[in-house]
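Working notes, structure below.
The values are calculated or read from the model by the stated rules, or taken from the named source; none is laboratory data. Source: prediction; values computed, not measured. FYI the Cβ positions are ideal-geometry reconstructions off the backbone, even for glycines, and counts take in every protein chain you see.
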Amino acid sequence: MAKHTIGQKHPTMTIRKATRQYEQWLAGFTPLVLKDFDFKHKQMDSSAFPFLRATYYRWAQVWPVVCEDLSGAPLVLSVGDLHVENFGTWRDAEGRLIWGVNDFDEASYLPYSHDLVRLATSARLAIAANHLSLQDIHACDAILDGYEEGLKAGGRPFVLAEDHAWLRDLARSILSDPVAYWKKMRNLPTVKEDIPETARVAVEHVLPAAGLEYEVKHRVAGLGSLGHPRYTALSSWAGGFLAREAKALVPSACAWAHKNDGAVEIYYQAILDRAVRCRDPFVQLQGHWIVRRLAPDCARIELTSLPEERAEADLLHAMGWETANIHLGSTPAISAVKADLRKRKKGWLLPAAEAMTKATQEDWNAWKAG
């Protein structure tokens, strides 16, 4: 197996300095919501798993150094900030319940191995936090097997209808109760100040009727994009509640980590268009805002909400397959990806995930000590 060394190869910039510099860079693209950043920093203190989710900028800086032997793998349009809680459900144009990756804020061209190592690292940290109960090697094998099988099959979206009964039952068991969900939405603090005109136009573009009145709420969600401006429009229409949200989009943290000083492209739309996927018709780019529908059946699946009896290996296998669904959008590179996979020794994913887990934990310890 390939060896991954850390310590002497870890970037000399401290995690505190990296965080300051990244947030200064980020402020050049969008106003920052400082109270949300304060909350994000507190969440980063709690354990290594939320720290990983909140610090993709640091991962983008560290990964090419720690996993140098993997950084030369074929490039594909990648999720970037892939982890075990970056999966959820939505409704497609036919109203069918779909499962898959639900956040592409950090999409960028990266070695295909990047998403796999980050997903496996997040699984190891979730196991360490007792959110998953299977062994590390089994988690990595399930992810890699799912990815390779997905590539071989040419991909297939996860439509939770006739197929994937176990995943459909799992998803339905943790979908929010509508009464509790809308009560929680109504209780969100109302935004008092005027919102940017571009955000207002973006939200109103995806409302079901022109001239519909709505309240603008402040919602705190996720960790990676926490601190970006986010506006949630809550309204009542045709006998029920509805919500639409506009979130400011910025370039991937890869551009910061790789010191890309030129024009920086945002790949959110490209990855949506190219992936093997049943699209959420409400997820749209409107200027520099990403707009989506919020509802009880459109939600990120948190590991802590999983029922006690769950097929964890099957779930990670599905995550690996869904990663293949997304990478398959980079059609010209897929033959090179398959060839690269054939050259790698069996079990290569685990030592890479172990190395990145150790690097992440070192940074988390340094963050807390600071």
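Observations, loosely collected:
- Residues (among the charged types (D, E, K, R) and either under 12 Å from residue 241 (Cβ atoms) or in contact (Cβ under 8 Å) with a residue 40 or more places away in the chain (or both)) located in region 181-199: 183, 184, 186
- Selection within region 92-118: residues that are of a type in the set (Phe, Trp, Tyr) and in a strand (DSSP E or B). The member of this set that is nearest to residue 259 (Cα to Cα) is 109.
- Checked against (1) buried (at least 21 other Cβ atoms within 10 Å of the Cβ); (2) outside any helix (DSSP H, G or I); (3) β-branched (Val, Ile, Thr), residue 323 passes all but a single condition, namely (2).
- Residues that are surrounded by fewer than 18 Cβ atoms within 10 Å (Cβ to Cβ) and under 26 Å from residue 25 (Cα atoms) were ranked within region 197-218; the one that is farthest from the chain's Cα centre (by Cα) is 197.
- Condition met for residue 85 (surrounded by fewer than 24 Cβ atoms within 10 Å (Cβ to Cβ) and either farther than 22 Å from residue 51 by Cα or among the small types (Gly, Ala, Ser) (or both)): no
- Boolean, residue 227 is buried (at least 17 other Cβ atoms within 10 Å of the Cβ) and more than 26 Å from residue 167 (Cβ to Cβ): yes
- Yes/no for residue 324 being over 22 Å from residue 63 (Cα atoms) and either touching a helix residue (DSSP H, G or I) at 6+ places or on another chain (Cβ under 6 Å) or in contact (Cβ under 8 Å) with a residue 12 or more places away in the chain (or both): no
- Of the helices (runs of 4 or more DSSP H) lying entirely inside region 1-91, those carrying at least 2 residues that are at pLDDT 90 or above and small (Gly, Ala, Ser) are 48-54.
- Region 331-370, residues that are among the small types (Gly, Ala, Ser) and within 19 Å of the chain's Cα centre (by Cα): 353
- Tally, over region 292-316, of residues that are modelled with pLDDT under 85 and part of a strand (DSSP E or B): 2
- Selection from region 51-74 of residues that are closer than 17 Å to residue 367 by Cβ and among the charged types (D, E, K, R): 53, 58
- The listed residue being farther than 18 Å from residue 249 by Cβ and not β-branched (Val, Ile, Thr), out of 77, 70: 70
- One residue from 250, 264 being at pLDDT below 90 and either under 23 Å from residue 108 (Cβ atoms) or in a loop (DSSP other than H, G, I, E, B) (or both): 264
- Residue in region 125-132 that is touching a residue at least 24 places away in the same chain (Cβ under 8 Å), among the β-branched types (Val, Ile, Thr) and surrounded by fewer than 23 Cβ atoms within 10 Å (Cβ to Cβ) present: no
- Test: residue in region 110-117 that is buried (at least 22 other Cβ atoms within 10 Å of the Cβ), under 16 Å from the mean Cα position of the chain (by Cα) and of a type in the set (Phe, Trp, Tyr): yes
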